[in-house]
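Here is the structure we will look at.
The values are calculated or read from the model by the stated rules, or taken from the named source; none is laboratory data. Quantities reported herein were computed from a predicted structural model and do not represent experimental measurements. Here Cβ is always computed from backbone atoms with ideal geometry, including for glycine, and neighbour counts include all displayed protein chains. We work out accessible area using only protein heavy atoms, side chains counted, and drop any ligands, DNA or RNA first. Shrake-Rupley method; radii C 1.70, N 1.55, O 1.52, S 1.80 Å.
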Amino acid sequence: MSVDFKEYSRKMDRTLDHLAEEFDAVRAGRANAKVLDRICVQYYGSETPLNGVATISSPDARTLVIQPWDSKLLKDIQKAILTSDLGINPQNDGRVIRLVFPQLTEERRRDLTKQVKKYAEEAKVAMRNIRRDGMDYVKKLKKNSEITEDDQKKAEKDLQDMLDKYIKKVDTALAAKEKELMAI
């Protein structure tokens, strides 16, 4: 009997997807609307994502323009951006908010590289925890005599191989993001 690890594979895929979202939110010197995905604005008494109350466009490589559908939101959007960890000062002209992304300094690039390494390490830890859950499941099956010892060894090897494959994907994504961050 072979053990089914689809559930653990799906969990590792979700971890990879989450890592990609984390990486997308780290700005690399170019204007990217994804950096605003985490910013929420008070809109009729509830926290609403910024892209749910405004149009976000990028007229050039280093500028984002936020045009709220309701002009009363300009001040709230500006305040939300200022209190976020973006580190960019929004310019409000009464109709739209402009975000001008400065060139990244060498020091800022290093800081961002450390940040993405931290995200990658968190993803690896999450994946190791998923593997541990899988190993516990296999041991439980063995304890209940649902699988043989040989099946247990094979299942544990399969889990380790799956983990190694996903760790490689994390390392590849990290290397690509580091390269993007360090490119001038």
Taking into account only those residues within region 70-85 that are closer than 24 Å to Leu181 by Cβ and surrounded by 13 or more Cβ atoms within 10 Å (Cβ to Cβ), which is modelled with the lowest pLDDT? Ser84
Applying the selection to region 141-163, what residues are more than 19 Å from Ser9 (Cα to Cα) and either of a type in the set (Val, Ile, Thr) or open to solvent by 90 Å² or more (accessible area, probe 1.4 Å) (or both)? Lys143, Ser145, Glu146, Ile147, Thr148, Glu149, Asp150
Does Ile88 meet the test of being surrounded by 13 or more Cβ atoms within 10 Å (Cβ to Cβ) and touching a residue at least 24 places away in the same chain (Cβ under 8 Å)? no
Any idea which of Glu122, Glu107 is touching an Asp or Glu at 6+ places or on another chain (Cβ under 9 Å) and open to solvent by 90 Å² or more (accessible area, probe 1.4 Å)? Glu122
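Here are some residues: Gln67, Gln115. Which one is open to solvent by 80 Å² or more (accessible area, probe 1.4 Å) and modelled with pLDDT of 85 or more?
Result of the check over Gln67, Gln115: Gln67.
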